[in-house]
1. Would you mind stating whether residue 227 is more than 27 Å from the chain's Cα centre (by Cα) and at pLDDT 95 or above?
2. Take the residues in the range 149-170 that are under 30 Å from residue 221 (Cα atoms) and more than 13 Å from the chain's Cα centre (by Cα), then tell me which one is surrounded by the most Cβ atoms within 10 Å (Cβ to Cβ).
3. Name the pairs whose Cβ atoms lie under 8 Å apart, with the first residue in the range 60-84 and outside any helix (DSSP H, G or I), the second surrounded by 16 or more Cβ atoms within 10 Å (Cβ to Cβ), and 6 or more positions between them or separate chains?
4. Return the residues of the range 102-132 that are at pLDDT below 75 and exposed (fewer than 14 other Cβ atoms within 10 Å of the Cβ); say none if nothing qualifies.
5. Restricting the range 87-99 to residues that are surrounded by 11 or more Cβ atoms within 10 Å (Cβ to Cβ) and either assigned to a helix (DSSP H, G or I) or modelled with pLDDT of 70 or more (or both), which is farthest from the chain's Cα centre (by Cα)?
6. Of all residues being over 28 Å from the mean Cα position of the chain (by Cα) and free of Cβ contacts under 8 Å to residues at least 12 places away in the same chain in the range 235-252, which is farthest from residue 128 (Cα to Cα)? Just the residue, please.
7. Pick out the one residue from 262, 215, 232 that is touching a helix residue (DSSP H, G or I) at 6+ places or on another chain (Cβ under 8 Å) and farther than 30 Å from residue 133 by Cβ.
8. Taking the range 219-266 as the region of interest, how many residues are surrounded by 17 or more Cβ atoms within 10 Å (Cβ to Cβ) and assigned to a loop (DSSP other than H, G, I, E, B)?
């Protein structure tokens, strides 16, 4: 096909006329795009500062700020294509259908997402708390949107999905600030119970890490076929709990040896009944 000069002139004139007619929409859309991006950045920074000043949880602050950022970006994109003269109703319908399809394919992830939201909002635990959940005990190092990260006593990292975490039982060992150690010491029936209790009480009173309030308890726990089981229940701050547990057992054994009291050999002896 050969174009003559008149046709080329007509095409050029048509193109220039379309460009002139469409340029206001194009310029308007570009201005909206750049102004919108700048405004979104300012709004995001402002929201983050407000949440930080209100001492909101860092995880919640980051999550809400990110959600707001993407919502504003989607609204800006719809506004941008609308200013270009493109029909947005069909686009919104396609976007909704895509969202539904993605939601159905990611039901497990959405469950974890919802669980993360519940944990962040209701705060059954915080970063730094020691918790027991889903058969695991550890210190919370990070609360993410889909999983919560724990560090256990062996310095192993445990990732627990937030869906199962939020729907299960959570034991928070840090929330109250102090804990009770539940110990069991077994002695023979030939032992003077009062003397044994007095020795244990003296051991508890001599340990500065054991709290005076609540008062530590020493009582008869059970009478078995082979031993008298004494319950020893001292209280300690969370950071001293492990030391109090082991020191109490060791000190009671040393004090019993000095007093000539033998721990019943056919019973469990010194045992730990609470993790």
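The values are calculated or read from the model by the stated rules, or taken from the named source; none is laboratory data. Bear in mind that the values here come from a model prediction, so they are computed numbers and not experimental data. As a convention, Cβ positions derive from the backbone with ideal geometry for all residues, glycine included, and neighbour counts pool all protein chains shown.
1. no
2. Looking at residues that are under 30 Å from residue 221 (Cα atoms) and more than 13 Å from the chain's Cα centre (by Cα), I get 153.
3. Note: pairs meeting the criteria are 84/29.
4. Passing the criteria: 102, 103, 104, 105, 106, 107, 108.
5. Step by step, filter the range 87-99, then rank; the result is 91.
6. Result: 250.
7. Exactly one residue qualifies, and that residue is 262.
8. Qualifying residue count for the region: 4.
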